[in-house]
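See structure below.
The values are calculated or read from the model by the stated rules, or taken from the named source; none is laboratory data. It should be emphasised that the depicted structure is a prediction, and the values quoted were computed from it without experimental measurement. As a convention, Cβ positions derive from the backbone with ideal geometry for all residues, glycine included, and neighbour counts pool all protein chains shown. Ligands, DNA and RNA are stripped out before the accessible areas are found, and what is left, the full protein with its side chains, is counted by its heavy atoms. Shrake-Rupley method; radii C 1.70, N 1.55, O 1.52, S 1.80 Å.
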Amino acid sequence: MKFPIALSAFLLLCTQSAIADDHKGPLTVMPVGKQLNVIYGQGGNIAVSHGKDGLYIIDDQFARLSGDIKKALGDIKTNKAEFVVSTHHHGDHTGGNENFANDGSHIIAHHNVHKRLEKKHGKNSKFLPVISFGDDMTLHFNNERANMKHYPHAHTDGDSVVFFTKANVIHMGDIYFNLGGLPFIDVDNGGSVDGIIDAVTDVLTYADDNTVIIPGHGKVTDTKALNEYLVLMNNAKALMLSAMKGNTSQGDVVAMKPLDVLKLNYSDWLSQERTTELFYRGLSVKPHH
Ligand SMILES: [Zn+2]
């Protein structure tokens with residue numbers, strides 16, 4: 001796909017300032033392709049497809065933001081979203097599901113997202129997908145072919161990546177944190193280190209120099225940055241495995257600070273210690289397909 005020059009420059013800036021943390025301010029809307037926008041807000045990044053058939057979104061952040069999100073959608077095309085695709089079950093990506101469903105949106109997600117949201121919100125909850133799928137599913141809407149592909153045991157056990165094949169834009173969900181460091185791996189909900197590496201490796205086979213990559217968190221970026229993230233994940237895995245040699249205990253590995261040499265950024269909610277613990281546990285389980 002072709003970008004306007006200004007947008008390319010903007011993306012370049014974004015890549016360079018990827019260290020900045022999540023947006024805390026009001027919503028900001030950014031075009032990322034023909035009939036595609038990204039909304040930055042307070043949770044996971046939202047992708048918006050609009051066109052002749054209407055509008056749908058990928059993820060919907062928190063319930064308290066639904067009004068603002070609908071207003072932003074109205075500015076793009078219409079505040080009615082036909083579909084809401086949930087990339088995984090976490091509340092910062094599905095918090096608005098009930099509000100959108102009450103407005104007539106159809107929630108779509110992997111079977112495991114249905115299972116986990118049902119556990120959290122109850123059987124008849126409007127948070128649950130009304131359409132769930134296994135390996136993959138395609139939306140033929142707005143002259144776009146949006147393929148949702150499930151990646152097992154990555155950030156969770158229910159992650160989908162959305163490929164906007166005509167626009168050449170990919171929404172990674174939380175398989176990709178573009179915050180200058182390592183991702184949160186939700187080991188307690190089926191996530192694993194190898195699952196993230198396998199997923200990113202596979203996604204890269206669909207990407208080219210012009211592909212726009214939307215991370216779950218952080219700025220929109222490109223294939224080069226996603227490649228660097230894969231290298232980082234592999235380096236972190238190698239450092240961890242070497243520290244874990246000979247069945248070293250989790251406590252001992254954390255004390256060794258094996259990730260120190262990577263000199264990464266960490267946040268209050270995801271410290272280096274916690275990251276090391278999650279990588280330790282996330283390397284002890286293999287992604288069984
Ligand atoms: Zn998440």
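General observations
- Take Ile107: with every protein chain present and a 1.4 Å probe, its accessible area is about 0 Å².
- Cα-based shape type of segment 160-249, given that a ≥ b ≥ c are square roots of the gyration tensor eigenvalues and the cut on a/c is 1.5: prolate
- Measuring nothing but how far apart in sequence close Cα pairs (under 8 Å, 6+ apart) lie, relative to its length, the chain scores a relative contact order of 15 percent.
- For segment 235-271, applying the loop criterion from DSSP together with a ceiling of 11 other beta carbons within 10 Å to the trypsin sites (Lys or Arg not before Pro) yields Lys245, Lys263.
- Here's how it looks for Ile185: its modeled amide H is under 5 Å from none belonging to a residue 5 or more places away or on a different chain.
- Most fluctuating residue given options Thr165, Thr275, Thr248, as computed from a GNM of the chain linking Cα atoms under 10 Å: Thr248
- Estimated vicinal HN-Hα couplings, Hz - segment 33-42 in sequence order (Karplus 6.51, -1.76, 1.60; Gly, Pro = x): x, 5, 6, 9, 10, 10, 10, 8, x, 10
- Across the cross-link table entries Lys34/Lys119; Lys52/Lys149; Lys34/Lys70; Lys34/Lys149; Lys120/Lys245, which are compared at the Cα atoms, the separations over 27 Å belong to Lys34/Lys119; Lys120/Lys245.
- Computed lengthening from Leu232 to Lys166, 0.36 nm per intervening residue step minus Cα-Cα distance: 20.8 nm
- Helical runs (DSSP H, four residues minimum) scored at -39500 (n - 2.57) apiece and divided by the length of the chain put the mean residue ellipticity at 222 nm at -10000 deg cm²/dmol.
- Among the protein heavy atoms of segment 205-271, carbon and sulfur supply 50% of the accessible surface, probe 1.4 Å, non-protein parts ignored.
- Listed by chain and number, the aspartates and glutamates whose alpha-carbon sits under 13 Å from that of Lys257, ignoring those within fewer than 8 places in the same chain, are Glu273, Glu277.
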